[in-house]
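Presented below is the structure to which this report refers.
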Amino acid sequence: MQFYFDLVSEQERDVDHEGMDLPSVAAAKTEAEQSAREMVAEIILHEDRVDGMRFEIRNAGGRIVETVRFRDVIRLD
């Protein structure tokens, strides 16, 4: 199954035109969570804000099937 990972922030939307072939929505969510963690690490190093950033995962038909908010992948405990 083809999934697209649009990066959305408070200021802009970066649309994924290439996508990735993954077996399920769950696998796509796992991929987005891992990417979000890596991006959050970079954002923190540059002292930028994470608020509002998220991946909107679309299927091949263009429908949003899952959303991964960056703040949800950060563990503070």
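Coordinate-derived values only; no laboratory data. Note that the structure is a prediction, hence the values are computed from the model and not measured. Counting neighbours? That spans all protein chains shown, and the Cβs are built from the backbone with ideal geometry, glycine included.
Roughly what would the spin-label model give for residue 17 and residue 44, points 7 Å off Cα along C-beta, in nm?
About 3.4 nm separates the two model spin labels.
Taking 7 Å along the Cα-to-C-beta vector as the label spot, tell me the residue 76-residue 37 distance in nanometres, rounded to one decimal.
If labels sit at residue 76 and residue 37, their model points lie 1.9 nm apart.
Please list the non-local residues whose amide H lies under 5 Å from the amide H of residue 16, H modeled 1.01 Å from N, same-chain partners needing a gap of 5 or more.
Hits under the 5 Å cutoff: 5, 6, 7.
Can you list the trypsin sites (Lys or Arg not before Pro) in the chain that are in a DSSP coil and have 13 or fewer other beta carbons within 10 angstrom?
Here the trypsin sites (Lys or Arg not before Pro) that fit, given the DSSP loop and packing criteria, are 49, 63, 75.
Could you list the chymotrypsin sites (Phe, Trp or Tyr not before Pro) in the chain that lie in coil according to DSSP, counting only those with at most 10 other Cβ atoms within 10 Å of their Cβ?
none
Find which of 15, 43, 68 sits farthest along the positive direction of the dipole of the chain, computed with +1 on the beta-carbon of Lys and Arg, -1 on that of Asp and Glu, about the Cα centre.
68
Give the angle, between 0 and 90 degrees and rounded to the nearest 10, that separates the Cα long axis of helix 25-45 from the longest principal axis of the Cα atoms of the chain.
Between the helix axis and the principal axis of the chain, the angle is about 30 degrees.
Hey, with R₀ at 25 Å, roughly what FRET efficiency would residue 9 and residue 65 work out to, going by the Cβ-Cβ distance, to 0.05? Mind showing how you got there, number by number?
On the way: r = 20 Å, r/R0 = 0.80.
Efficiency computed from Cβ-Cβ geometry: 0.80.
What is the distance in Å between the Cα centres of the range 56-74 and the range 13-27?
Between the Cα centre of the range 56-74 and that of the range 13-27, the gap is 9 Å.
Run through the chain and list the GluC sites (Glu not before Pro) located in a DSSP loop whose Cβ has at most 16 other Cβ atoms within 10 Å.
Passing both the DSSP loop test and the Cβ count: 10, 12, 18, 47.
Which Rg and Dmax, in Å, describe the Cα atoms of the range 2-73?
Looking at the range 2-73, its Cα Rg and Dmax stand at 11.9, 37 Å.
What size of dipole, in debye to the nearest 20, comes out for the chain about its Cα centre when the only charges are +1 on Lys and Arg C-beta atoms and -1 on Asp and Glu C-beta atoms? The partial results should precede the final answer.
Working: 10 positive and 18 negative charges, 64 e Å.
Dipole size: approximately 300 debye.
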